[in-house]
Amino acid sequence: SYQMFHPLGLRSSAISSGKSSLTPSNSHLGAVAISVSEIIQFLSSRFYDKVLSLHEDSATPVSNPLLAFTLIKRLQSDWRNVVHSLEASENIRALKDGYEKVEQDLPAFEDLEGAARALMRLQDVYMLNVKGLAQGVFQRVTGSAVTDLYSPRRLFSLTADDCFQVGKVAYDMGDYYHAIPWLEEAVSLFRGSYGEWKTEDEASLEDALDHLAFAYFQAGNVSCALSLSREFLLYSPDNKRMSRNVLKYEKLLAESPTRVVAETVIQRPNVPHLQTRDTYEGLCQTLGSQPTHYQIPSLYCSYETNSSPYLLLQPIRKEVIHLEPYVVLYHDFVNDLEAQKIRGLAEPWVIISGIRSLMLQPVMCFSAWLKDTVDPLLVTLDHRIGALTGLDVQPPYAEYLQVVNYGIGGHYEPHFDHATSPTSPLYRMKSGNRVATFMIYLSSVEAGGATAFIYANFSVPVVKNAALFWWNLHRSGEGDGDTLHAGCPVLVGDKWVANKWIHEYGQEFRRPCSSSPED
Ligand SMILES: O=C(O)CCC(=O)C(=O)O
Ligand SMILES: [Fe+2]
C-alpha cells in the first residue's frame, strides 16, 4: 500500500483544522485564523482536492493490472504535472496574496522574543528541564529528583527549529546561560532528523552547531566549542570561518590543556531584585508554603460574620494565613457566576491582542478599572467587602475594582501596593495611602501563579473565588516593609485577579491609629 502524500507542505491536520477553535473575541488571532482558513479552503476546494483524488484508493491492495498501471502513472507523472501546472502557480499566488493581507496582524519578531523570554523565565523560576519542555512535559529537576509540576493531557512537543529560535533569542542577548541548553536541544533534535528538510524551518543542524559552538566558546568551554565546530565541518567542509575557528580552538587548547577539563559555571544573567530572587522563586515553587495550622495555634479558620447582618445570613470561611503582616484568605468570597461576570466586564479592556496576551512582555499583565456604575454586581461586592473587613470602601475611600489578567508566563515582580514616596500618584485621590489590599482570585490556574510574600516568607496558591486580605500600613500609617509581594509566573493557565485597594481616610474609626510602629 502507498503512503498518503500532502502537497505544498500542508499537513492533513493543518487542513482539517482550518477554522481553529479560537473565539472571535480573541481579535487578532481570530482574524488571522479565519483568513488563513479561507485560503486553505480555497486550496482544499480546488488544488488540494485534485491532488488528493490522484491518491484515492491508493491504500487498498492492488490486484487489477489497470489499476496498478494508473496508480503508478499518477505517482510517476500526474502528480508532477499538477504541481507544475499553471493552476498550481495560481494557487501559490493566492497563498502569497492571502499572507500579505494578514501579514501586519501577525505576531512581530518582538512578540516571538517576548514569548521566548517568558519560556526562559518559567524555566528558571520552576527549575524546568529543557529536554522535558521540548517533549511537552513540565518537570522540575533538582539533583536526581524529578517532580512533575503539571501533566498535560496532550503532549505538545517542540521541533528542533522551535528550540533553536528560543536559544537564538538568548544568544543574541549574550545570555549563554539560557542559549546553551536550548541550542543543545536543537542540535540533538536536528541530528535525529537530519536530511528531513521542513519547509517552515528557518534553521538547520549547521546553524545550531555554529551557534552552540560559539556559545560554548563564549562561556569558556573551548573543548565543547572545538568538537561542535568539527562536527559542523563534516557537513560544510568548505566553510572558511569555521576552519579558522577550529584552528583557533586547537591552539588555545594546546596552550593551556587544563581547559579541556575546566568545568565552567555560567552565571544566570542579572535580573532586578537579585537579592530577593532566590526567596521569591523558592516560594513560587512551593506553591503555598504557609505554615499549617497545627504548627501555629494562633492561625485558625473560622466563619466570619463580623457582627454584620449581611454576613450572619451567609458567613464566609476565613483562614488566617499569617499574623505579621496580617494576611487572611476568605474562601468562596464570590461564586463561579460572579467571577465569570467580573472577568466578562473587564475582558473588552483587558484583551488587547489575542496573540500578545498569550505570552507577554515585562509587566506581563493587562488590567482594567471597573467603576461601580458599570454593573450592580460591583456595588454588591463593595457591600460584601465592607461588611467583611469593617472598612469603608465607598469612593474616594477605596479605588475602583482593578481586574488583572495574566497570560502564560505572566507575572508581577516583587512590589508594595502602598506608596513608598510622598510624590506617588496614589495620593492624587486625596484619601491617603493604600491601607489595605483586598484581592479576589477570579480563576484557577493549572500550574504556577501563587502570590508570594517575599520577606514574610510564605506564598498563597491561587484558590478560585477566594479573596486575600492584608494590611499594607502599620497603625501608625507607616508602610509595612514585610508586605513585599509578587505574583508568580503562570506556568499553565489563565490567571485573573481583582484588586480593591482601600485607603487610609474613612477608616479612622474603623481601624484606629496607634503610635506604636509594630501594630
Ligand atoms: O497576582 C497576584 O498574585 C498579585 C497581584 C498583585 O500583587 C497586585 O496586583 O498588586
Ligand atoms: Fe500587589
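Whenever a residue of segment 471-499 is farther than 19 Å from P461 by Cβ and within 14 Å of ligand 1 (Cβ to nearest atom), its partners that are of a type in the set (D, E, K, R) and part of a loop (DSSP other than H, G, I, E, B), lying with C-beta atoms within less than 9 angstrom and at least six residues away or across chains, give the pairs N472/D417; N472/D480. Would you say T147 is touching a residue at least 12 places away in the same chain (Cβ under 8 Å) and polar (S, T, N, Q)? Spelling it out, it is not the case that T147 is touching a residue at least 12 places away in the same chain (Cβ under 8 Å) and polar (S, T, N, Q).
Residue by residue, here is whether (1) closer than 24 Å to R510 by Cβ; (2) outside the structural domain of H322 (by TED's automatic domain parsing); (3) touching a Ser or Thr at 6+ places or on another chain (Cβ under 9 Å) holds:
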{"position": "R384", "(1), (2), (3)": "yes, no, no"}
{"position": "Q402", "(1), (2), (3)": "yes, no, yes"}
{"position": "G410", "(1), (2), (3)": "no, no, yes"}
{"position": "N457", "(1), (2), (3)": "no, no, yes"}
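Among the residues of segment 151-168, those that are polar (S, T, N, Q) and part of a loop (DSSP other than H, G, I, E, B) comprise S151, S157, T159.
Suppose we filter D375, D392 for residues that are more than 16 Å from ligand 2 (Cβ to nearest atom), out of contact with any Phe, Trp or Tyr (no Cβ under 6 Å at 6 or more places or on another chain), at pLDDT below 95 and not small (G, A, S); which single one remains?
Selected residue: D392, the only one of D375, D392 that is more than 16 Å from ligand 2 (Cβ to nearest atom), out of contact with any Phe, Trp or Tyr (no Cβ under 6 Å at 6 or more places or on another chain), at pLDDT below 95 and not small (G, A, S).
Here V463 passes the criteria (1) more than 13 Å from ligand 2 (Cβ to nearest atom); (2) over 25 Å from V350 (Cβ atoms) except the one numbered (2).
Could you please let me know if S151 is of a type in the set (S, T, Y), out of contact with any Phe, Trp or Tyr (no Cβ under 9 Å at 6 or more places or on another chain) and surrounded by fewer than 15 Cβ atoms within 10 Å (Cβ to Cβ)? Spelling it out, it is not the case that S151 is of a type in the set (S, T, Y), out of contact with any Phe, Trp or Tyr (no Cβ under 9 Å at 6 or more places or on another chain) and surrounded by fewer than 15 Cβ atoms within 10 Å (Cβ to Cβ).
Take Y171 and tell me if it is part of a helix (DSSP H, G or I), buried (at least 20 other Cβ atoms within 10 Å of the Cβ) and hydroxyl-bearing (S, T, Y). Considered against the rule, which asks whether it is part of a helix (DSSP H, G or I), buried (at least 20 other Cβ atoms within 10 Å of the Cβ) and hydroxyl-bearing (S, T, Y), Y171 comes out as yes. Restricting attention to segment 466-492, the residues that are of a type outside the set (D, E, K, R), more than 16 Å from ligand 2 (Cβ to nearest atom) and in contact with an Asp or Glu (Cβ under 6 Å, 6 or more places away or on another chain) add up to 2. When restricted to residues that are in a helix (DSSP H, G or I) and farther than 14 Å from F156 by Cβ, segment 119-139 contains 8. For segment 399-409, filtered to residues that are within 21 Å of the chain's Cα centre (by Cα), within 16 Å of ligand 2 (Cβ to nearest atom) and among the hydrophobic types (A, V, I, L, M, F, W, C), the residue that is nearest to G114 (Cα to Cα) is V404.
I need a count of the residues in segment 410-444 that are more than 10 Å from ligand 2 (Cβ to nearest atom), among the β-branched types (V, I, T) and under 18 Å from A467 (Cα atoms). So the count comes out to 2. The set of residues in segment 138-172 being modelled with pLDDT under 85 and closer than 27 Å to Y194 by Cβ consists of L155, F156. Taken over segment 450-497, the criterion of being at negative phi, among the small types (G, A, S) and assigned to a strand (DSSP E or B) is satisfied by A452, S459, A467, G479, A486, G487. What do you reckon, is H503 within 16 Å of ligand 2 (Cβ to nearest atom), at pLDDT 85 or above, under 18 Å from Y397 (Cα atoms) and over 32 Å from the mean Cα position of the chain (by Cα)? So H503 fits the description; yes.
So is N457 of a type in the set (S, T, N, Q), at pLDDT 95 or above, surrounded by fewer than 21 Cβ atoms within 10 Å (Cβ to Cβ) and out of contact with any Pro (no Cβ under 8 Å at 6 or more places or on another chain) or not? In short, no. Entry remark, segment 403-441: residues being in a strand (DSSP E or B), more than 10 Å from ligand 1 (Cβ to nearest atom) and among the aromatic types (F, W, Y) number 1 in total.
The values are calculated or read from the model by the stated rules, or taken from the named source; none is laboratory data. Source: prediction; values computed, not measured. Methodologically, a virtual Cβ is constructed for each residue, glycine included, from the backbone with ideal geometry; neighbour enumeration extends over all protein chains shown.
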